[in-house]
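A.B. asks: Mind having a look at this structure? Questions to follow.
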Amino acid sequence: MNDFMKNFSLEGKVAFVTGASYGIGFAIANALSDAGATIVFNDINQDLVNKGVAAYEEKGIKAHGYVCDVTDEAAVQATVAKIREEVGIIDILVNNAGIIKRIPMLEMSAADFRKVIDVDLNAPFIVSKACIPGMIEKGHGKIINICSMMSELGRETVSAYAAAKGGLKMLTRNICSEYGEANIQCNGIGPGYIETPQTAPLRERQADGSRHPFDQFIISKTPAARWGKTEDLQGPAVFLASDASNFVNGHILYVDGGILAYIGKQP
Ligand code: NAP
Ligand code: GCO
């Protein structure tokens, strides 16, 4: 590897990806591993962690899995301490764990609204707060918050999710502001519409075999005329996790095939 490309290497780094047994987190963790990082991930129960460890092993990755609900601050603090003891201080944090509830606002309970805010916004605060002291101790750190197009746009039924992801954009900018001097870079990745279990209901084939109306809508709104794949997020994640992005801070990198730039194909 030539000297310039060494800027993209993650050799010797410990990367913690939350909620990464599958989906976007799993794909990002694979890429960080390919770039040289040691992978640590959590999920909400032992069964998912075991499945995740097995899935990483199938890819030739010895990932360290921990059971932890990212909304539980005491559990997160204890898990980060255990990771430090068993693997090392976390150099790279990817706040990926997230949920969505698609419910019209007038039908959504305050409890459901709070649950989405708790996982998608409070948890990145909790996990970042647990990891930043170690990053300060080491003299460097990378935090990547998985935001969303809903950090910029709203749509029907996703009021809680959009509020959380909009808040996550500003938490990203605030961590940048507060800890940039400690050589911590905090950026966001804003995926477009990606093929994962989370969006499966939006892509289900109709009874007559036709595409889901929302599926057709997204295709018409995306210049790339396709849904994103988790692999599309891997290069941007390695860039933001590496020294190649040491002067990039507080930025949300949208990986959306151009949706946010495009008015949409004329029907
Ligand atoms: P996903 O397939 O639903 O996976 C989410 C992961 O987070 C799952 O492993 C889930 O575990 C875990 N998780 C949920 N709540 C948790 C908690 N309290 N503690 C620990 N882990 C928890 O979602 P995805 O599509 O991969 O999305 C990953 C991230 O990208 C999310 O933040 C999502 O908002 C964001 N995003 C997704 C898209 C998209 O189009 N897919 C686009 C933009 C942004 P369980 O299986 O136990 O629920
Ligand atoms: C939805 C989708 C989106 C995507 C993603 C877009 O219901 O609109 O789930 O929210 O998950 O966040 O960037």
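A.B. asks: Near the amide H of Thr157, under 5 Å away, which other amide H atoms are found, from residues 5 or more places off or on another chain, if H is placed in the peptide plane?
C.D. replies: Met105
A.B. asks: Continuing with the same structure: Counting other C-beta atoms within 10 Å, and keeping those with at most 11, which DSSP coil trypsin sites (Lys or Arg not before Pro) do you find in segment 55-162?
C.D. replies: Taking segment 55-162 and a limit of 11 other Cβ atoms within 10 Å, the loop trypsin sites (Lys or Arg not before Pro) found are Lys62.
A.B. asks: Right, another one. Across segment 12-20, in residue order, what do the Karplus-derived ³J(HN,Hα) couplings come to in whole Hz, using 6.51 cos²θ - 1.76 cosθ + 1.60 with θ = phi - 60° and x for Gly and Pro?
C.D. replies: x, 9, 9, 10, 10, 10, 7, x, 10
A.B. asks: Between Leu202 and Ile89, take the C-beta separation as r, use R0 = 35 Å, and let me know the FRET efficiency to the nearest 0.05.
C.D. replies: 0.35
A.B. asks: Follow-up question, since we're still on this one. If a/c stays under 1.5 just call it rounded; otherwise compare a/b with b/c (prolate if a/b is bigger, oblate if not). Do that for segment 111-153, with a ≥ b ≥ c from the square roots of the Cα gyration tensor eigenvalues.
C.D. replies: Because a/c hits 1.5 or more and a/b fails to exceed b/c, segment 111-153 counts as oblate.
A.B. asks: Now for a separate question. So what are the ³J(HN,Hα) numbers for segment 101-109, from phi and the Karplus equation (6.51, -1.76, 1.60; θ = phi - 60°), rounded to whole Hz, Gly and Pro as x?
C.D. replies: The phi angles translate into 10, 9, 9, x, 3, 5, 9, 8, 6 Hz.
A.B. asks: Any idea how far apart Ala78 and Asn50 come out in nm if each label point goes 7 Å out from Cα toward Cβ?
C.D. replies: Each label point is offset 7 Å from its Cα along the Cβ direction, giving 2.1 nm.
A.B. asks: How many Lys pairs in segment 1-153 lie less than 15 angstrom apart by Cα atoms, where the lysines are 8 or more positions apart or on different chains?
C.D. replies: Step by step, the pairs that qualify in segment 1-153 add up to 7.
A.B. asks: Once amide H atoms are built 1.01 Å from N in the peptide plane, which residues 5 or more positions from Tyr66, or in another chain, come under 5 Å H to H?
C.D. replies: Phe41, Asn42, Asp43
A.B. asks: With a 10 Å cut-off between alpha carbons and a GNM built on the chain, which of Ser109, Ser128, Ser33 moves the most?
C.D. replies: Greatest mean-square fluctuation among the candidates belongs to Ser109.
A.B. asks: Run the numbers for Val67 and Ala111: contour at 0.36 nm per residue of separation, minus the present Cα-Cα distance, in nm.
C.D. replies: Gain in length upon complete extension: 13.4 nm.
A.B. asks: Ok, one more. Taking amide H positions as placed 1.01 Å from N in the peptide plane, with prolines and chain starts having none, which residues 5 or more places from Ile143, or on another chain, fall under 5 Å of its amide H?
C.D. replies: Correct list: Leu93, Gln185, Cys186, Asn187.
A.B. asks: Right, here's the next one. Based on alpha-carbon positions alone, could you give the equivalent ellipsoid semi-axes of segment 104-202 from the gyration tensor, as √(5λ), descending, whole Å?
C.D. replies: Semi-axes (√(5λ), whole Å): 28, 14, 11.
A.B. asks: Which value, to two decimals, describes the C-alpha radius of gyration of the chain once divided by 2.2 N^0.38 Å?
C.D. replies: 0.99
A.B. asks: Using the crude model of +1 on Lys and Arg Cβ and -1 on Asp and Glu Cβ, and no other charge, please compute the dipole size for the chain relative to its Cα centre, in debye to 20.
C.D. replies: Here the size comes out at about 520 debye.
A.B. asks: Using the 10 angstrom Cβ neighbour count as an exposure proxy, how do Phe214, Phe239 rank, fewest first?
C.D. replies: Arranged by neighbour count, lowest to highest, Phe214, Phe239 become Phe214, Phe239.
A.B. asks: Based on the Cβ-Cβ distance of Tyr262 and Lys6, what FRET efficiency does E = 1/(1 + (r/R0)^6) give at R0 = 30 Å, to the nearest 0.05?
C.D. replies: 0.25
A.B. asks: Taking loop as defined by DSSP and a crowding limit of 16 other beta carbons within 10 Å, which trypsin sites (Lys or Arg not before Pro) in segment 161-212 fit?
C.D. replies: Answer in residue order: Arg203, Arg205, Arg211.
Read-outs: derived from the displayed coordinates by stated rules, not from any lab. Owing to the predicted nature of the structure, the values given are computational and were not obtained by experimental measurement. Please note: Cβ atoms are built from the backbone with ideal geometry, for glycine as well, and neighbour counts cover all protein chains shown.
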